[in-house]
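**Student:** Input: one structure, supplied below.
The values are calculated or read from the model by the stated rules, or taken from the named source; none is laboratory data. Quick caveat, the model's predicted, so the values are computed rather than measured. Please note: Cβ atoms are built from the backbone with ideal geometry, for glycine as well, and neighbour counts cover all protein chains shown.
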Ligand code: C2E
Ligand code: MG
Ligand code: MG
Ligand code: MG
């Protein structure tokens with residue numbers, strides 16, 4: 001009977017499996033074509049300080065698919081990685097974000113707003129990663145001190161020594177680093193001491209469960225205390241409600257990103273938004289490498 005069941009399972013799953021393979025291959029081919037056809041775009045989600053001043057923007061890739069419309073990374077990053085296209089996609093995003101940084105450089109507000117770019121494991125673990133980034137900065141004319149690279153813990157633990165070497169090489173030129181989704185990875189705290197970081201990003205999973213979940217609040221307090229002792233800025237992502245914002249602010253979080261303030265948007269929309277926001281006096285003094 002077991003044999004029969006096995007047989008049935010086999011016959012049953014072949015078409016489904018084949019369909020999955022076909023659709024993945026189709027998606028991979030579409031990503032390849034989409035890159036060539038200019039279907040990918042970068043949206044920018046603003047980040048704010050405790051006074052509501054614009055403190056930064058995160059570059060987030062979007063795919064304007066000819067049939068499916070606007071697609072978010074969750075729908076295609078996995079396929080891009082499987083197809084070996086993630087490195088190409090990430091490089092494209094970095095170039096695009098740096099072109100935008102250069103375009104904003106003369107702007108009275110946007111000219112001093114740092115832009116964060118997400119860096120994946122495949123990208124960072126290329127031997128010449130830091131050289132590539134320096135090349136992109138030189139080609140685009142983007143100011144290095146306004147570029148922040150977001151890494152995740154999983155990216156870093158893979159080859160800590162190589163990661164640190166790239167970080168140090170870029171840091172000399174003013175490039176800064178944030179640790180994304182902090183608190184969800186292999187949080188051995190000793191590596192915080194070794195890494196040349198500037199910012200910790202509290203993962204949205206902790207923010208989402210506020211204000212009800214006291215456990216998350218305990219973790220958030222620990223993160224802000226840790227950031228303070230190491231001299232890192234701390235930013236919360238996924239802030240959706242006033243209650244979350246208030247609680248985060250009163251527990252040592254100084255920067256905020258989330259739908260409560262703004263969704264990711266095209267560069268032009270952010271430029272427009274920026275000119276309607278309260279002016280940050282520090283912007284007049286300009287080039288400051290640190291946000292605070
Ligand atoms: P992430 O780097 O942690 O980015 C934050 C994500 O949270 C973004 O999703 C953003 O749109 C979303 N978000 C912002 N505010 C809120 C909020 O208030 N509520 C909720 N529920 N979500 C919020 P997105 O754009 O879909 O990106 C998802 C992830 O994909 C990113 O997470 C990042 O890990 C990755 N990603 C995005 N762009 C790139 C890229 O260019 N390269 C690579 N390698 N990864 C990217
Ligand atoms: Mg990020
Ligand atoms: Mg994140
Ligand atoms: Mg996240």
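**Student:** Residue 79 versus (1) crowded, with 16+ Cβ neighbours inside 10 Å; (2) within 16 Å of ligand 4 (Cβ to nearest atom); (3) within 19 Å of residue 22 (Cβ to Cβ): which is the lone unmet condition?
**Tutor:** (2)
**Student:** What is the one condition in (1) surrounded by fewer than 15 Cβ atoms within 10 Å (Cβ to Cβ); (2) within 16 Å of ligand 1 (Cβ to nearest atom); (3) in a helix (DSSP H, G or I) that residue 193 does not satisfy?
**Tutor:** Every listed condition holds for residue 193 apart from (2).
**Student:** Further question: Quick check on region 199-218: of everything there that is away from ligand 3 (no atom under 15 Å from the Cβ) and in contact (Cβ under 8 Å) with a residue 24 or more places away in the chain, which residue is farthest from residue 260 (Cα to Cα)? Walk me through how you get there before you give the answer.
**Tutor:** The first filter runs over region 199-218 and keeps only residues away from ligand 3 (no atom under 15 Å from the Cβ), leaving 209-218.
Subset that is in contact (Cβ under 8 Å) with a residue 24 or more places away in the chain: 210-211, 217.
Numbers: 210: 14, 211: 15, 217: 19 Å.
By that ranking, first place goes to 217.
**Student:** Identify all residues within region 137-157 that are more than 14 Å from ligand 1 (Cβ to nearest atom) and either more than 15 Å from residue 197 (Cα to Cα) or in contact (Cβ under 8 Å) with a residue 40 or more places away in the chain (or both); write none if there are none.
**Tutor:** Correct list: 137, 138, 139, 140, 141, 142, 143, 144, 145, 146.
**Student:** Could you please let me know if residue 116 is within 16 Å of ligand 3 (Cβ to nearest atom) and closer than 21 Å to residue 260 by Cα? Spell out the reasoning first.
**Tutor:** Working: within 16 Å of ligand 3 (Cβ to nearest atom): yes; closer than 21 Å to residue 260 by Cα: yes.
It is true that residue 116 is within 16 Å of ligand 3 (Cβ to nearest atom) and closer than 21 Å to residue 260 by Cα.
**Student:** Let me ask another. Within region 82-130, work out how many residues are assigned to a helix (DSSP H, G or I) and in contact (Cβ under 8 Å) with a residue 40 or more places away in the chain. Lay out the reasoning, then the answer.
**Tutor:** Narrowing region 82-130 to residues assigned to a helix (DSSP H, G or I): 82, 86-104, 110-112, 121-124, 129-130.
Still in the running and in contact (Cβ under 8 Å) with a residue 40 or more places away in the chain: 82, 88-89, 91-104, 110-112, 122, 124, 130.
Residues meeting the conditions: 23.
**Student:** Pick from region 228-254 the residues that are under 27 Å from residue 195 (Cα atoms) and within 13 Å of ligand 1 (Cβ to nearest atom): which of them is surrounded by the fewest Cβ atoms within 10 Å (Cβ to Cβ)?
**Tutor:** This residue is 238.
**Student:** Hey, another quick one. Scan region 154-176 for residues that are surrounded by fewer than 18 Cβ atoms within 10 Å (Cβ to Cβ) and outside any loop (DSSP other than H, G, I, E, B) and jot them down. Walk me through how you get there before you give the answer.
**Tutor:** Initially, region 154-176 is screened for residues surrounded by fewer than 18 Cβ atoms within 10 Å (Cβ to Cβ), giving 154, 157-162, 164-165, 168-169, 171-174.
Selection gives 154, 157, 158, 160, 161, 162, 164, 165, 168, 169, 171.
**Student:** Which condition number in (1) within 16 Å of ligand 2 (Cβ to nearest atom); (2) touching a helix residue (DSSP H, G or I) at 6+ places or on another chain (Cβ under 6 Å) is the one that residue 267 fails?
**Tutor:** In the conditions (1) within 16 Å of ligand 2 (Cβ to nearest atom); (2) touching a helix residue (DSSP H, G or I) at 6+ places or on another chain (Cβ under 6 Å), residue 267 misses (1) alone.
**Student:** Among the residues of region 61-81, which ones are assigned to a strand (DSSP E or B) and either at pLDDT below 95 or more than 8 Å from ligand 1 (Cβ to nearest atom) (or both)?
**Tutor:** Looking only at region 61-81, we keep the residues that are assigned to a strand (DSSP E or B), and these are 61-65, 69-71.
Passing the criteria: 63, 64, 65, 69, 70, 71.
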